[in-house]
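Scroll down for the structure; my scribbles are underneath it.
The values are calculated or read from the model by the stated rules, or taken from the named source; none is laboratory data. For clarity, every value in this text was computed on a predicted model and none was experimentally measured. Note that we place each Cβ from the backbone using ideal geometry, even for glycine, and neighbour counts take in every protein chain shown.
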Amino acid sequence: MADAATTRAARDGARAEDSAFRRHWTWRARLWVTLAGFLVALALRLLYRTLRIDLVDGGWLERRRRGGPILGVFWHDGIVLLPLLVTRARWPGTVNVMLSWHRDGEIAAQAVQRLGIHVVRGSETRGRLGALRGLLAAGGRGEDLAIAPDGPRGPRHEAKEGALQLARATGLPLVAIGAAARPARRLGSWDRLQLPRPFARVALVMSPALELPADKAAGVAALEAALARANAEAAARVGAEPA
């Protein structure tokens, strides 16, 4: 029993040295990851204060205030914008996001935890079962879940089946979240990550709950179509080109 508790603590630990995946890191690497996470969180907090936010929540904020958690899905290129739901829109629930096991993912984890978002470590390619257990446990506690179905390494805007499996396992409503900013910079990364410029306009669009067909391929196609619609609406609201 103690071993299981130790494993869970390592998997979901907040510090860069807590997990067996990271125990081979030098103290310099651990220090760098922790410091980088702090600096990223600080930079985002300062940036977020300047942004003008247009939230189309479709009634989900009020529903959440009455106690109903959701499973939110978003494309990986919007990952910098999604914390605005917590930091600016004051989302009334506890949000858990899945981030992958590697150094960049750990820096992101260190940053978003400082923005008030809980992190479950794992991805489709590494630590998947541990991540699934963590997400199921969070859902069982009545907390919200958020995942990027094209993460952690793409292909860009191509959904994996994990979001559908999680929605069926938890029974939570599946909500596509579109995000767009203008002006913004697109990085040269695989996801073409969008970084809003200071004082940019940002739109966040939450879809109605998705009705998923039983067929796996049809379900993935429905999820991709819902994300495309939500992101297109977000882009139109700020006058940006859909990407």
From the option list L187, L145, single residue qualifying as under 19 Å from A230 (Cα atoms) and among the hydrophobic types (A, V, I, L, M, F, W, C) is L145
All conditions in (1) assigned to a loop (DSSP other than H, G, I, E, B); (2) at pLDDT 95 or above; (3) of a type outside the set (S, T, N, Q); (4) over 26 Å from R65 (Cβ atoms) are true of P213 except (2)
Residues being among the hydrophobic types (A, V, I, L, M, F, W, C), surrounded by fewer than 17 Cβ atoms within 10 Å (Cβ to Cβ) and either modelled with pLDDT of 95 or more or part of a helix (DSSP H, G or I) (or both): count how many of those fall in segment 1-40.
-> 12
Inspect segment 107-121 for any residue being of a type in the set (S, T, N, Q), surrounded by 19 or more Cβ atoms within 10 Å (Cβ to Cβ) and touching a Gly at 6+ places or on another chain (Cβ under 6 Å) and give the result as yes or no.
-> yes
For G142, work out the one condition from (1) surrounded by fewer than 17 Cβ atoms within 10 Å (Cβ to Cβ); (2) in contact with a strand residue (DSSP E or B) (Cβ under 7 Å, 6 or more places away or on another chain) it doesn't fulfil.
-> (2)
L174: surrounded by 13 or more Cβ atoms within 10 Å (Cβ to Cβ), over 25 Å from V40 (Cα atoms) and in contact (Cβ under 8 Å) with a residue 12 or more places away in the chain, yes or no?
-> yes
Determine whether A111 is in a helix (DSSP H, G or I), of a type in the set (G, A, S), within 17 Å of L193 (Cβ to Cβ) and modelled with pLDDT under 95.
-> yes
Of these, P69, P92, which one is buried (at least 20 other Cβ atoms within 10 Å of the Cβ), over 14 Å from the mean Cα position of the chain (by Cα) and either touching a residue at least 24 places away in the same chain (Cβ under 8 Å) or at positive phi (or both)?
-> P69
Here are I177, I147: which of them is closer than 17 Å to L85 by Cα and at pLDDT below 95?
-> I147
Within segment 69-91, count every residue that is touching a Gly at 6+ places or on another chain (Cβ under 9 Å) and over 25 Å from K160 (Cβ atoms).
-> 1
Using the structure shown, decide if G130 is on the phi < 0 side of the Ramachandran plot, in a loop (DSSP other than H, G, I, E, B) and at pLDDT below 95.
-> no
Residues in segment 187-210: is at least one over 30 Å from R66 (Cα atoms), crowded, with 21+ Cβ neighbours inside 10 Å, in contact with a Gly (Cβ under 9 Å, 6 or more places away or on another chain) and not basic (K, R)?
-> yes
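Out of curiosity, is D54 surrounded by fewer than 16 Cβ atoms within 10 Å (Cβ to Cβ), free of Cβ contacts under 8 Å to residues at least 60 places away in the same chain and either touching a helix residue (DSSP H, G or I) at 6+ places or on another chain (Cβ under 8 Å) or assigned to a helix (DSSP H, G or I) (or both)? Spell out how you get there, then give the answer.
On the way: surrounded by fewer than 16 Cβ atoms within 10 Å (Cβ to Cβ): yes; free of Cβ contacts under 8 Å to residues at least 60 places away in the same chain: no; either touching a helix residue (DSSP H, G or I) at 6+ places or on another chain (Cβ under 8 Å) or assigned to a helix (DSSP H, G or I) (or both): yes.
Taking the combined requirement at face value, the residue does not satisfy it.
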